[in-house]
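Below is one structure, written out as structure tokens, with a few remarks after it.
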Amino acid sequence: MSYLNKTVSYLGMIGLIPLVSCGGKGQAVPNEQSAPNVIYVFPDQMRNSAMEFWSSEKYAPHIRYKGDPVITPNLNKFADEAVVFSSAYSNTPLSSPHRGSLLTGMYPNQSGVPLNINSTRPFNSLRDDVTTISDLYSQNGYNCAYIGKYHLDAPTPNDPGNPGHYVEERDPVWDAYTPPEKRHSFDFWYSYGTFDVHKKPHYWDTAGRKHEIREWSPKHETDIAIDYLINSKGQRDSSKPFFMMISMNPPHHPYSSLDDCMEEDYNLYKDKTLGELLIRDNVDTTMAKAASAPYYFAQVTGVDREFGRLLKALDSLGLTDNTIVVFASDHGETLCSQGIDDPKNSPYAESTDIPFLIRYPGKLKPRVEELILSTPDIMPTLLGLSGLEKRIPRNVQGENFAPYLLTGENASSLPKSALYIRNLDGAKDENGKVISYFPETRGVKTDRYTLALTINKETRKLKEVYFFDNLADPYQLNNLKPDDYPAVKEQLLNELAGQLKKTDDPWYNEKILAGMIPYY
Ligand code: CA
């Protein structure tokens, strides 16, 4: 039903825009004095280098690796209006753990989500008893909307259209329906768990009705988001500010055919050679996955277009000046770098380094920012920028960088590193369900180095070391021996010890690798 109707209704709305934005008391809603709206757009698996502006003279000096040969005109323009983070880091570069930290301001050991969510890991689910960013905004007078992939709620047999059953047949179950009591104050809901058919997406709405769509998902989700802005159906209380998260699945796999992207975008890349598309020094273009490069970049360009359409609607509605807009991702994509098929969940830069751009007109001065931003910092920082710093819960582990971003104050106390985390399945019960997680790898990334230590699951002894000088070796081709650099090794292990203590990590509590890491 609804997609055609939706398009028609949206086109019809264009003419209504001036009425909406001039409605009520004769000015845009909300007015300049009110709390800012917040829009958080985060496509899935989009690496930091996949933004065209990084290749320009203005931006290239701020990152050490080459920008991808990708076309993103809307992000290029947005970057000039935003604070562009060069060192935003997905600490646990995997869908569910990232999202858990994003919503709670906590590391995966406390968010409830140390592992990727599916039905084999029922314990692994966003905590019901935690106050999320949406709970906080809602408590402070906001309408809260969630559109797109959620992947924070462990699947249970709760299909609203087929009670007592999961929402999909496959085993394990990945997709999920999130009922109202698990939505953490999102009062507008148009979402699903995880599902990777980009041109046949589906969503459950606020009332639990399922919508099966025949359209590329980022386009459809942007239509839903724009309609929310227009408020054509009274989706929100226009006297309140709003907090809206839009989680697009592309540029997530699959990326292998025109079923996955828009043809107009694919046409921009189809005649380029793999050598022209995959330009990082650490790439292996002979991998089978290399054929996905034009489709991956086509998805990025499509996401860019939809993001641009959203910004344009915001402009048309007179909402730009009082709306904080973030563009980010949950983790990166290796795309044949390092010779690994896994797109994420590794300490390599392609996996951990994410886009993070934040625009707050008149409040945040556009610039490139080198602050090492960790995922749990995002929630308190957004609340701080929204004037809600006093409402940040005490148990939040991330830091509120709003004062620094707004004024440049406290620059001397900025973090010197970000913590890297990779967990594996731990113990299983008699039914084969995972009941705990194993903290396999911990590490730090500083402004220069990456150090990550992996332990053996049985012996808990050191198994593998990743150690890179990202300044001398931005593509992480030379895995160095820490013992050859004793002073750096000591500095990084001290930094790691501090991070593990601060975050109350299992490594700290169990004193893992105590002979090596100087716990105190
Ligand atoms: Ca993901």
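Send over a whole-number figure in Å² for the accessible area per residue of the stretch 35-412, probe 1.4 Å.
Values: 12380 Å² over 378 residues.
For the stretch 35-412, the per-residue accessible area is 33 Å².
Among the GluC sites (Glu not before Pro) in the stretch 341-448, which ones are in a DSSP loop with at most 14 other Cβ atoms within 10 Å of the Cβ? Mind listing them? If you can, show how the numbers build up before the last one.
Numbers: sites: E350, E369, E370, E389, E399, E409, E430, E440; in loops: E370, E399, E409, E430.
Within the stretch 341-448, the qualifying GluC sites (Glu not before Pro) (loop, at most 14 other Cβ atoms within 10 Å) are E370, E409, E430.
For the stretch 418-510: lysine pairs with Cα atoms under 23 Å, gap of 8 or more or different chains, count?
Here the count comes out as 22.
Find the relative contact order for the stretch 185-294 and round it to a whole percent, using C-alpha pairs within less than 8 Å whose residues are 6+ positions apart. Walk me through the numbers on the way to the answer.
Working: 101 pairs, mean separation 23.3, N = 110.
Result for the stretch 185-294 is 21 percent.
Obtain the nm distance between the two label points defined at K77 and E264 by a simple spin-label model: each point lies 7 Å from its Cα along the Cα-to-C-beta direction.
Taking the simple label geometry, K77 and E264 are separated by 1.4 nm.
At 1.4 Å probe size, what's the solvent-accessible area of H151? Round to the nearest 10 Å².
10 Å²
If K445, K433, K200 are ordered by their accessible area, calculated over protein heavy atoms with a 1.4 Å probe, which sequence runs from highest to lowest?
Details: K445 35, K433 70, K200 110 Å².
Largest accessible area first, the list is K200, K433, K445.
Tally Lys/Arg at +1 and Asp/Glu at -1 over every other residue whose Cβ is under 11 Å from the Cβ of V465; what's the total?
On the way: positive: K463, K481, K489; negative: E464, D483.
For residues surrounding V465, the net value is +1.
Just to verify a number: FRET efficiency for S412 and D504, C-beta to C-beta distance, R0 = 35 Å, to 0.05?
On the way: r = 25 Å, r/R0 = 0.72.
Computed FRET efficiency for S412 and D504: 0.90.
Can you give the accessible area of L480 in Å² (nearest 10), computed on protein heavy atoms with a 1.4 Å probe?
It works out to around 40 Å².
What percent of all Cα-Cα pairs in the stretch 418-510 falls in each 10 Å bin, counting up from 0?
P(r) for the stretch 418-510, in whole percents per bin: 15, 44, 28, 10, 3.
Hey, what's the stretch 433-476 come to in accessible area per residue, 1.4 Å probe, Å²? Walk me through the intermediate numbers first.
Details: 1790 Å² over 44 residues.
Normalised by residue count, the accessible surface of the stretch 433-476 is 41 Å².
Using each residue's phi in the stretch 241-249, evaluate 6.51 cos²θ - 1.76 cosθ + 1.60 at θ = phi - 60° and report the 3J(HN,Hα) Karplus result to the nearest Hz, with x for Gly and Pro.
Per residue, the Karplus-derived 3J(HN,Hα) values read x, 10, 10, 10, 10, 10, 10, 7, 7 Hz.
Can you tell me the alpha carbon radius of gyration of the chain divided by the globular rule-of-thumb value 2.2 N^0.38 Å? Before the final figure, lay out each step's value.
Values: Rg = 22.2 Å, N = 520, 2.2 N^0.38 = 23.7 Å.
Normalised by 2.2 N^0.38 Å, the Cα Rg of the chain equals 0.94.
What nm distance separates the two modelled labels at E212 and E169, each placed 7 Å from Cα along Cα→Cβ?
In this crude label model, E212 to E169 measures out at 1.2 nm.
When Lys and Arg each count +1 and Asp and Glu each count -1, what net charge do the other residues less than 9 Å away from Y107, Cβ to Cβ, add up to? If you can, show how the numbers build up before the last one.
On the way: positive: none; negative: D504, D505.
Once positives and negatives cancel, what remains is -2.
Between K463 and K428, what is the label-to-label distance in nm when each label sits 7 Å out along the Cα-to-Cβ direction?
In this crude spin-label approximation the distance works out to 1.6 nm.
Filter the chymotrypsin sites (Phe, Trp or Tyr not before Pro) in the stretch 181-259 down to the DSSP loop ones having no more than 15 other Cβ atoms within 10 Å, then list what survives.
none
Can you tell me the orientation of helix 375-385 relative to the chain, as the angle in degrees between its alpha-carbon axis and the longest Cα principal axis, to the nearest 10?
Relative to the chain, helix 375-385 is tipped by roughly 40 degrees.
Less than 22 Å apart at the alpha-carbon level, and either on another chain or at least 8 residues along: which lysines does that give for K199?
Here the lysines satisfying the reach criterion relative to K199 are K6, K149, K210, K219, K270, K289.
Grab the DSSP H runs of the chain that are 4 residues or longer, score each as -39,500 (n - 2.57), total them, divide by all residues and round the 222 nm result to the nearest 500 deg cm²/dmol.
Numbers: 15 runs with 136 residues, N = 520.
Helix contribution divided over all residues of the chain: -7500 deg cm²/dmol.
Where does helix 95-104 land angle-wise versus the long Cα axis of the chain, in degrees 0 to 90, nearest 10?
In the chain, helix 95-104 runs at an angle near 70 degrees to the longest axis.
Under a 1.4 angstrom probe, counting protein chains only, how are K365, K58 ranked by accessible area, largest first? Please list the in-between numbers first.
Values: K365 145, K58 120 Å².
Solvent-accessible surface, decreasing: K365, K58.
Below 22 Å, Cα to Cα, which lysines can K365 reach? Residues fewer than 8 away in the same chain don't count.
List returned: K58, K77, K312.
Based on DSSP, what percent of beta bridges with both residues in the stretch 35-412 are antiparallel, to the nearest 5? Please list the in-between numbers first.
Details: 13 of 38 bridges.
The antiparallel proportion sits near 35 percent.
Tell me the carbon and sulfur percent of the accessible area for the chain, rounded to whole percent, probe radius 1.4 Å.
Numbers: 10170 of 20070 Å².
Heavy-atom surface of the chain belonging to carbon and sulfur, 1.4 Å probe: 51 percent.
The values are calculated or read from the model by the stated rules, or taken from the named source; none is laboratory data. Keep in mind the model is a prediction, meaning the values are calculated, not measured. Because the Cβ atoms are built from the backbone with ideal geometry, glycine has one as well, and the counts that use them run over all protein chains shown. Just the protein is used for accessible areas: all its heavy atoms, side chains included, with ligands, DNA and RNA removed. Shrake-Rupley method; radii C 1.70, N 1.55, O 1.52, S 1.80 Å.
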